[in-house]
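Right, one structure below, let's go through it.
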Amino acid sequence: MSLILAYSEKAFALENSLDVLEKQRAASFRFVHLGEQYTFAHAFKRRVLSHYFPHNKASEWRFDRTPSGKPFIPENIAFNLSHSVESVAVAFVESRDKCAVGVDIERYKDMEDLESMIDMVCHPDERKQLDLCCHRQESFFQLWTAKEALLKANGSGLIDNLSQINCAPSLMNGTSYDLLWQGDLYCLKSFGFPWGVITLAWLESLCIPDIKLVDWTSGEPVTDIIRL
């Protein structure tokens, strides 16, 4: 059973397959570009799902939410969506467990408050590891996406004390690693690009042998198999 991570660095021409509620949400943004980014991200989510599960057209997917607010599909497909500016990532795997997978994507940007953010959200081990990194800001985003992916997988959402989560291994050797959170053991792995970073979190019990890393930036999938 493979875990699929589909992403696009930037928006491309895509049919607006959003349902009524999604279209209403897109229209509710105060700034047009935010509505356009939302529309692309959710149309991309639908397009990718239909590419791998063609029993549904892009417009036919139906989504619900757990009591904590995490979106899910009634079919036995665990998925998670993240977008940052016009970049988007969707992770999914065949599973009945709605908390099977989480993903977070962040485009690099200058942060004037970087050091205060490090003090606020980083575990002591993470701070020590950051001091060894040549690119401090990019490394911080790697830690941030790891924390977000873990919390999104679990469905708990952001917590007040992010510094209690220790994702220091994200900065060490690039391999996946295990992290226990709220009674569940998750695996985490980050992928760095010149423009940003994506981190995946998935239940260790899924016994994932590989990740299909699929770049859709051209509008067509280009797949790389990452063995674990």
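The values are calculated or read from the model by the stated rules, or taken from the named source; none is laboratory data. Since this is a predicted model, take the numbers as computed values, not measurements. Heads up: the accessible areas ignore ligands, DNA and RNA and are worked out on the full protein's heavy atoms, side chains in. Shrake-Rupley method; radii C 1.70, N 1.55, O 1.52, S 1.80 Å.
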Pull out the extension gain between A27 and E94, defined as 0.36 nm times the separation in residues minus the alpha carbon to alpha carbon distance; nm, one decimal. 20.9 nm
Would you mind calculating the gained length between T66 and L34 on full extension (0.36 nm times residue separation, minus the Cα-Cα distance), in nm to one decimal? 9.0 nm
Over the stretch 50-154, what percent of the accessible surface lies on carbon and sulfur atoms, probe 1.4 Å? 48
For the stretch 21-75 and the stretch 97-128, what is the separation of their Cα centres, given in Å? 25
Is the shape of the stretch 122-228 rounded, prolate or oblate, going by the alpha carbon gyration tensor and its root eigenvalues a ≥ b ≥ c, with a/c under 1.5 for rounded and a/b larger than b/c for prolate? oblate
Which percent of the accessible area of the stretch 157-228 is formed by carbon and sulfur heavy atoms (probe 1.4 angstrom)? 50
Output ³J(HN,Hα) for the stretch 186-195: one whole-Hz value per residue in order, computed from phi by the Karplus curve 6.51 cos²θ - 1.76 cosθ + 1.60 with θ = phi - 60°, and x for Gly and Pro. 10, 9, 10, 8, 10, 10, x, 9, x, 9
Spelling it out for S95: with amide H atoms placed in the peptide plane at 1.01 Å from N, the residues 5 or more places away or on another chain with amide H under 5 Å from its amide H are I77, A78
Defining a contact as two alpha carbons under 8 Å apart and six or more residues distant in sequence, what relative contact order in percent does the chain show? 23
Phi-derived 3J(HN,Hα) across the stretch 162-176 with the Karplus relation (6.51, -1.76, 1.60, θ = phi - 60°), rounded Hz, x for Gly and Pro, is 5, 5, 7, 8, 9, 10, 3, x, 4, 9, 8, 9, x, 7, 6
Too long for a 26 Å Cα-Cα cut-off, among K109/K147; K98/K212; K10/K128; K128/K212; K45/K109; K23/K57, are K10/K128; K128/K212
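If you average 1/r across every pair of different Cα atoms in the chain and take the reciprocal, what Kirkwood value do you get, in Å?
18.0
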Calculate how steeply helix 136-154 sits against the longest principal axis of the alpha-carbon atoms of the chain, using the helix alpha-carbon long axis, and give the answer as 0 to 90 degrees to the nearest 10. 60
Per residue solvent-accessible surface (Å²) - the chain, probe of 1.4 Å: 50
Counting C-alpha atoms alone, how compact is the stretch 1-89: give Rg to one decimal and Dmax as a whole number, in angstrom. 12.9, 41
Could you tell me the center-to-center distance, by alpha carbons, between the stretch 132-159 and the stretch 172-224 in angstrom? 12
Can you pull the accessible area of I159 for me, 1.4 Å probe, Å² to the nearest 10? 40
